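Values quoted throughout were computed directly from the atomic coordinates according to the rules given, and no laboratory measurement underlies them. Keep in mind that this is a model prediction, so the values were computed, not measured. Neighbour counts run over all protein chains shown; Cβ positions are idealised from the backbone, glycine included.
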Amino acid sequence: MLKKVVWMAAVATMVAAPSVFAQEHRGEVGVNLGWTFSDGVDGQGVPALDGHIYDRVDPKDSFKWGLNGGVYVGPNAEVGFLFSQQLSTLELGGTTTRDVGDMTISNYHAYFGYNFFDPEVKVRPYLFGGLGATHFGSVDYTRFNNVQGTIGSETQFSTTWGAGVKMFAGPNFGIKIGAQWTPTYIKSDSAGWWCDPYWGCYVVGDAKYANQFDFTGGVTFRF
């Protein structure tokens, strides 16, 4: 009798296991498409040969695409990597605006995310934050005297922060919409002197950041 009970329990476990294991997921990968509102930095005005004074450099608002992949470290927590690229144009601003040339902005971030609610619900809000770098690609341009020039590429430290919602049509496939903010450190300008009775006097820096504000939609696959 005991052997029969053990055998029946083993069979029941093998039958139930696929349905239980089918609900367990190890992570997600996704593709994102959207639009980015960008701003750059300002500085001291520079007179140009066209008679205007330029004191800003900005990437133009433009299309953006991205990829993400992460693994679950619990029913709600997730760690992974984000890549995105904005296809933009570098623009000078001041007494007038002038397009300089095409420029790509690529972001590379490791992230920690949190997905709300039970893993098997169909709608899951999420939050994430990440650390990494933003790469501003080189820009080919034509000077006012028609001589060709190139602005070299540059990579700077950046963070990224986002939120949105995932809507799953099945256990492994869903769509998502979200918003993301990526501030990138560019430089620090002197903001004057600060004096303290203990530490003495020192120059205070005014940090300048370029910002990307994204609104995206995409698909996500759980595995």
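Here are the numbers for the structure shown:
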| read-out | value |
| --- | --- |
| Chain lengthening between residue 188 and residue 131 when straightened (0.36 nm per residue, less Cα-Cα) | 18.5 nm |
| Local electrostatic count, residue 113, Cβ distance below 15 Å [Lys/Arg +1, Asp/Glu -1] | +3 |
| Computed FRET value (nearest 0.05) for residue 49 with residue 179, which takes r as the C-beta separation and R₀ as 30 Å | 0.15 |
| Extended-chain gain in nm, criterion 0.36 nm per residue less alpha-carbon gap, residue 143 and residue 95 | 15.5 nm |
| Given charges at beta-carbon only (K, R positive; D, E negative), |dipole| of segment 25-222 in Debye | 680 |
| Rounded, prolate or oblate (a/c below 1.5 giving rounded, otherwise prolate when a/b exceeds b/c) for segment 25-222 by Cα gyration tensor | oblate |
